[in-house]
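Trainee: Before we start, here is the structure in question, set down as C-alpha cells.
The values are calculated or read from the model by the stated rules, or taken from the named source; none is laboratory data. Note that the structure is predicted; figures quoted are calculated from it, not measured. Don't worry about glycine lacking a Cβ; one is built from the backbone with ideal geometry, like all the others, and counts go over all protein chains shown. In case anyone asks, the SASA skips ligands and DNA or RNA and just uses the protein heavy atoms, side chains included. Shrake-Rupley method; radii C 1.70, N 1.55, O 1.52, S 1.80 Å.
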Amino acid sequence: MHVLVLGAGLLGVSTAHFLQQQGHQVTVVDRQAAAAAETSFANGGQISVSHAEPWANPGAPLKLLQWLGREDAPLLFRLRADMRQWLWGLQFLRECTPARTRHNIRQIVALGSYSRSTLQQLRGELGLQYDQRAQGILHFYTDAKEFDAAHAPAALMRELGCDRRVISADEALRLEPALAHAHPTLAGATYTAEDESGDARQFTQALASRCAANGVRFLFNHGITALRTAGGAIDHVEATDDQGRFQRLRADAYVVAMGAFSPLLLQPLGIHLPSYPAKGYSVTMPVADPRKAHQVSLTDDGHKLVFSRLGDRLRIAGTAELNGYNRDLNPVRCQAIVRRVEELFPGAGDSSRAEFWTGLRPTTPSNLPVIGKSRLSNLFLNTGHGTLGWTHACGSGKSIARIVSGLAPELDFGFAGIDRPVRVGAGALRPA
Ligand SMILES: Cc1cc2nc3c(=O)[nH]c(=O)nc-3n(C[C@H](O)[C@H](O)[C@H](O)COP(=O)(O)OP(=O)(O)OC[C@H]3O[C@@H](n4cnc5c(N)ncnc54)[C@H](O)[C@@H]3O)c2cc1C
C-alpha cells in the first residue's frame, strides 16, 4: 500500500519509519526544507513517562485564575475572540475533575511506557545518536507545600509501574551535584531513574535519514493546502511545491501528523480535532563550565521549567501561552528563563550566547493525543501530543502504523475510531 504521511515532525517521521517497516511504500510531505523544523525543533528534551499529570487537574482552574494577565506566568490564557480557544477552555475545565484526571494519567502513562521501550529498542537497532542520556529525571520542589502535594502523584505513578521515588534534598544533591548552589532552597524532590532525555530534532533527522535510505520519499518544501474527498475517503491532497507549482498527491492511505496545524486542514472535512496551540519557549546555551552544569535531566516545579543536558549544550524549556498561532518571542519570558538558569547554576552556561525559540504544542484539553482512524475510510490521525510529543513519539508511530496495516496496536489505549473496549492499566473499561 502507498501511504502519504502529512508532516515531518517527531510524529510524522516515526510514523513513516514504522509504516516502512510494515512493508508499505511511504511518502512524507512537509512545507519545511528539513524534518523537525517546527515544534520538534528545540523542545525540552525529556522522555518523561513519570510526569504524566496533565495540565487539566483539580488544582488547575484556581492556578489559572491567579496567573491571568501575569506576563511571566507558567501557563497563560490570553483570551481572544476565537471560538476554538473558548471551546478548548470549556473542554479543559471538564477534564479537571478528579475522575477525568485519573483516567487521563493512566492513559498517558500507558502510552509513555510503551513509547519509551519502543524508543530504546529503535536506538539499539539503528544506533541512533541524539545526545541522549539515560540518567533519569529529577523533579525538584522549592515550596514545601508543593513537595507534600507531590507524594500522591508519585504514589500513583508507582501504582502504574513507574518507579518515581520521593527523595530528600540531600539525596537530590547526591544524584545531581550541580544542584549544590540551589540545595538550601530545596524542599525535596522525586526521581525516576528509567526516564531519559535527548535532542528531539537530532533524533527526528537521524531517523528521517534512515527512512530515506530505506526508500521512504520525502517531499520537503511542499505546503499542503487542502485534503480533497470523494466517496467517503480522501481522494487526493493538494500542495504547492517550492516553485509555486500546484500538485495533486495521491495514495491509498493518508496519515495526518501536522502538529498544531492538523485541525486547520481537517476542519473543512468536518473533522473537529480538540487541539489548540500552546506556545512554549526554550533557551539553548553552550556549557561554560562542565563542573557546574547539570547532567541529570531536571524539572523545576516552582517555575515549571525543564532542564536537559544535550552534549555540550544546556536546554531549558517551559511556559505555555494559549494565544492562537502567534510565535513571537516575548523578552520578559526569555529573560525570566535565563535568570532562573543563572540563579540555579551560576556560571554553568554562557547566557551571552543563548539562543531563544518558541514552538506551538498541539495541545488537547486532556493532554491525550488523537491516534487512530477517522470517519473517512483511508484517513488516519497521529496528532495532538501536546506537552509529551517526544515522550510519546515512537509508541504513537508504531501504533498508527499497525492500525493502518489492519493490525491491533500492542497496548491498551483509547485509540480513535477502533471499535473495541480498551482496558487501561489496572483501571476502568471504556469504549474507545
Ligand atoms: C517549549 C516546548 C518544550 C517541550 N518539551 C517537551 C519535552 O521535554 N518532552 C516531550 O515529550 N515533549 C515536549 N514538547 C512537546 C513536543 O515537542 C511536541 O509534542 C512535538 O514536537 C509535536 O510533534 P509533531 O510531529 O506533532 O509536530 P511538529 O514537530 O510541529 O511537526 C508537524 C510538521 O507538519 C508540518 N506542517 C504543518 N502544516 C503543514 C502544511 N500545511 N503543509 C505542509 N507541512 C505542514 C510542519 O512543517 C511540521 O514539520 C515540548 C514542546 C515545546 C513547545
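Trainee: Counting only heavy atoms of the protein chains, get the accessible area per residue of the chain (1.4 Å probe) and round it to a whole Å² value.
Mentor: On the way: 17310 Å² over 432 residues.
Using a 1.4 Å probe on heavy atoms only, each residue of the chain averages 40 Å².
Trainee: With +1 on each Lys and Arg Cβ and -1 on each Asp and Glu Cβ, how big is the dipole of the chain about its Cα centre, in debye rounded to the nearest 20?
Mentor: Working: 45 positive and 39 negative charges, 185 e Å.
So the magnitude is around 880 debye.
Trainee: Further question on the same structure: Using a 7 Å offset from Cα along Cα-Cβ at SER168, what residues in segment 130-151 end up with backbone N under 20 Å from the label point?
Mentor: 138-151
Trainee: Separate question: Relative to the first principal axis of the alpha-carbon coordinates of the chain, what is the inclination of helix 200-213, with its axis defined by its Cα atoms, in degrees from 0 to 90 and to the nearest 10?
Mentor: Between the helix axis and the principal axis of the chain, the angle is about 30 degrees.
Trainee: Okay, next question. Just the number: Rg to Rh for segment 195-273, Cα atoms, Kirkwood Rh, two decimals.
Mentor: Values: Rg = 15.2 Å, Rh = 14.8 Å.
My calculation of the ratio gives 1.03.
Trainee: So what's the projected area for segment 287-368, the Cα convex hull averaged over all directions, in nm²? Provide the component values of the computation, followed by the final result.
Mentor: On the way: hull surface 25.3 nm².
Value for segment 287-368: 6.3 nm².
Trainee: When the accessible area of segment 88-190 is split by element with a 1.4 Å probe, what percent falls to carbon and sulfur?
Mentor: Working: 2470 of 4690 Å².
Ligands and nucleic acids excluded, carbon and sulfur give 53 percent.
Trainee: By how many degrees, between 0 and 90 and to the nearest 10, does the Cα long axis of helix 83-94 differ from the longest principal axis of the chain?
Mentor: Approximately 60 degrees, to the nearest ten.
Trainee: So for the chain, taking the charge dipole from beta-carbon charges (+1 Lys/Arg, -1 Asp/Glu), which of GLY347, LEU65, ALA81 sits furthest toward the positive end?
Mentor: ALA81
Trainee: Using a Förster distance of 22 Å, how high is the FRET efficiency between LEU90 and LEU62, based on the Cβ-Cβ distance and rounded to 0.05? The partial results should precede the final answer.
Mentor: Values: r = 17 Å, r/R0 = 0.77.
It comes out at approximately 0.85.
Trainee: Residues of segment 256-286 with the amide nitrogen closer than 18 Å to a label point 7 Å from the Cα of SER352, along Cα-to-Cβ, please.
Mentor: Label zone hits: 284-286.
Trainee: Another one. I'd like the distance separating the alpha-carbon centroids of segment 345-361 and segment 183-235, in whole Å.
Mentor: 22 Å
Trainee: Near LYS279, which aspartates and glutamates are there with a Cα under 18 Å away, not counting those fewer than 8 places off in the same chain?
Mentor: Qualifying aspartates and glutamates at Cα under 18 Å: GLU38, GLU71, ASP72, ASP82, GLU321, ASP328, GLU355.
Trainee: Have a look at ALA150, ALA408, ALA206 and tell me which one the Gaussian network model of the chain (Cα, springs below 10 Å) gives the largest fluctuation.
Mentor: Sorting by GNM fluctuation, first place goes to ALA408.
Trainee: Among the lysines, select those whose C-alpha is under 23 Å from the C-alpha of LYS145, and discard any that sit fewer than 8 residues away in the same chain.
Mentor: LYS63, LYS304
Trainee: Moving on to the next point. Using only Cα positions of the chain, each an equal point scatterer, no hydration layer, compute I(q)/I(0) via Debye at q = 0.07, 0.09 Å⁻¹ and quote the log10 values to two decimals.
Mentor: -0.32, -0.53
Trainee: So for each of 189-201, 291-303 I average, over its residues, the number of other beta carbons within 10 Å; can you give me the resulting order with the highest mean first? Write out the running numbers ahead of the final one.
Mentor: Values: 189-201: 23.5, 291-303: 19.7.
Ranked by mean Cβ neighbours within 10 Å, highest first: 189-201, 291-303.
Trainee: A follow-up question, please. Given +1 on the Cβ of Lys and Arg, -1 on the Cβ of Asp and Glu, and no further charges, what dipole in debye does segment 232-286 carry about its Cα centre, rounded to the nearest 20? Could you put the intermediate results ahead of the total?
Mentor: On the way: 4 positive and 5 negative charges, 30 e Å.
The calculated dipole for segment 232-286 is roughly 140 debye.
Trainee: Which of HIS236, HIS385, HIS51 moves the most in a Gaussian network model of the chain with Cα springs under 10 Å?
Mentor: Highest fluctuation among the options: HIS236.
Trainee: Given a 1.4 angstrom probe, I'd like the percentage of the accessible area of segment 320-393 that is carbon and sulfur, rounded to a whole number. Numbers along the way, then the final one.
Mentor: Details: 1250 of 2560 Å².
C and S fraction of accessible area: 49 percent.
Trainee: With viscosity set to 0.692 mPa s at 37 °C, what whole-number translational diffusion coefficient in µm²/s follows for segment 1-107 from Stokes-Einstein and a Kirkwood radius over Cα pairs? Don't jump to the answer; show the numbers that get you there.
Mentor: Numbers: Rh = 17.2 Å.
Rounded to a whole number, D works out at 191 µm²/s.
Trainee: Which value at 222 nm does the chain reach when only helices count, each DSSP H run of 4 or more adding -39,500 (n - 2.57), with the total divided by all residues and rounded to the nearest 500 deg cm²/dmol? Can you show the working numbers first?
Mentor: On the way: 10 runs with 129 residues, N = 432.
It lands at -9500 deg cm²/dmol.
Trainee: Take the chain, connect every pair of alpha-carbon atoms lying under 10 Å apart with a spring to form a Gaussian network, then pick out the residue of PRO184, PRO286, PRO74 with the largest mean-square fluctuation.
Mentor: Most flexible of the set in this elastic network: PRO184.
Trainee: For segment 312-420, what size does the Cα cloud have along each of its three principal axes, sorted from largest down, in whole Å?
Mentor: So the extents along the principal axes, rounded to whole Å, are 54, 30, 20.
Trainee: Where a Cα-Cα gap under 21 Å defines reach, which lysines qualify for LYS398, not counting those fewer than 8 residues away within the same chain?
Mentor: By straight Cα distance, LYS398 reaches LYS373.
Trainee: Farthest toward the dipole's positive end in segment 13-129, which of ALA52, GLN25, PHE41, given Cβ charges of +1 (Lys, Arg) and -1 (Asp, Glu) about the Cα centre?
Mentor: Result: ALA52, furthest along the dipole toward the positive end.
Trainee: Give me the dipole magnitude in Debye, nearest 20, for segment 160-273 about the Cα centre, with unit charges on the beta carbon: positive for Lys and Arg, negative for Asp and Glu. Mind showing how you got there, number by number?
Mentor: On the way: 10 positive and 13 negative charges, 104 e Å.
Value, rounded to 20: 500 debye.
Trainee: With a 1.4 Å probe and all protein chains left in place, how much of the accessible area of segment 220-319 comes from carbon and sulfur atoms, in whole percent? Present the calculation step by step, with values, prior to reporting the outcome.
Mentor: Numbers: 1810 of 3760 Å².
Carbon and sulfur atoms account for 48 percent of the accessible area of segment 220-319.
Trainee: Let me ask something else. Relative to the first principal axis of the alpha-carbon coordinates of the chain, what is the inclination of helix 331-344, with its axis defined by its Cα atoms, in degrees from 0 to 90 and to the nearest 10?
Mentor: That helix lies at roughly 50 degrees to the long axis.
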